[in-house]
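K.L.:
Mind looking over this structure? Questions follow.
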Amino acid sequence: MIFKVLWKISIQFRNRYVEWIAVKLLFPVAGVIQKKSPGQITVDGLLQLPEHTFGHKLGEHMRNYKLDFIPGFEEHDMKHLLLGYAVSVPGEIRLSAFEFGTGNRSFMTLSVFLLGIPIAMDLWPQMIEDFREGKKNKSFRKLQLKKLILSDFENLYRITPKNPLIQDERNLELNSVAI
C-alpha cells in the first residue's frame with residue numbers, strides 16, 4: 001500500500017518537474033532557435049474550416065485541451081492528434097521517442113527524449129515501442145503537416161503510422177475529441 005502511494009507521488013512529482021522544465025527552460029530556448037513559420041495558425045481559424053477537415057479536428061483538439069498554438073510548434077500539436085499521443089507529460093515523452101526514431105534531432109525532441117529516459121522508467125517499454133515505430137516510419141518526419149490542414153481527416157489518419165482510434169492508453173485523453 002505504501003509503495004503505491006509513494007509511486008503515485010513520484011509520478012506526480014515527475015509530471016510537475018517536466019512541465020516546469022518545459023515551460024521555464026525548453027520552450028523559451030526552443031522559441032529562440034526554432035524556425036518561425038509565416039502565417040500564425042489560430043484555433044478559432046481552424047474551427048471555421050469544414051468539419052471533416054484535419055484543420056477543424058485539430059481546432060477541436062486544441063479547444064478541448066484549452067490550448068493555443070505556440071508559434072513554431074504548430075506541427076508538433078498536429079502530431080499529437082494524428083498519432084494519438086495524449087497531451088500530457090507521458091504523451092510528450094512518448095511522442096519524442098517516436099520522433100527520435102524517425103530521425104528528428106531537433107532541440108525539443110532531444111531534450112524531452114533525453115530528459116524522459118532517466119525520469120520516466122515506467123514508460124521505458126512504451127518508449128522503446130514508440131522509438132521502433134518511428135524507425136519504421138522515417139518518412140513521417142518529412143511530411144509538411146500544415147499543407148494537409150484542408151485534407152479529409154478520416155482519410156488522412158488512415159494513412160498515418162499509428163491510427164489514433166486503435167491505440168491503447170495513448171488515446172485515453174483524446175476520447176473527448178470527436179474523431
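The values are calculated or read from the model by the stated rules, or taken from the named source; none is laboratory data. Small disclaimer: the values here were computed from a predicted structure and weren't measured. Neighbour counts are summed over all protein chains in view; Cβ atoms, including those assigned to glycine, are modelled from backbone coordinates with ideal geometry.
K.L.:
Looking at the stretch 42-144, what helices (runs of 4 or more DSSP H) fall wholly within it and have at least 2 residues that are crowded, with 22+ Cβ neighbours inside 10 Å?
P.N.:
Output list reads 54-64, 74-83, 89-102, 107-119, 124-136.
K.L.:
Would you point out the residue of the stretch 28-58, among those that are at pLDDT below 65 and out of contact with any helix residue (DSSP H, G or I) (no Cβ under 8 Å at 6 or more places or on another chain), that is farthest from ASP77 (Cα to Cα)? Reasoning before the result, please.
P.N.:
Looking only at the stretch 28-58, we keep the residues that are at pLDDT below 65, and these are 28-39.
Subsequent filtering for residues that are out of contact with any helix residue (DSSP H, G or I) (no Cβ under 8 Å at 6 or more places or on another chain) retains 28, 31-32, 35-36, 38-39.
Working: PRO28: 17, GLY31: 15, VAL32: 18, LYS35: 16, LYS36: 15, PRO38: 17, GLY39: 16 Å.
That would be VAL32.
K.L.:
Shifting gears a bit: Mind listing whichever residues of the stretch 66-125 are modelled with pLDDT under 90, within 30 Å of GLU154 (Cα to Cα), more than 13 Å from the chain's Cα centre (by Cα) and of a type in the set (Gly, Ala, Ser)?
P.N.:
Within the stretch 66-125, GLY72, SER106 meet the criteria.
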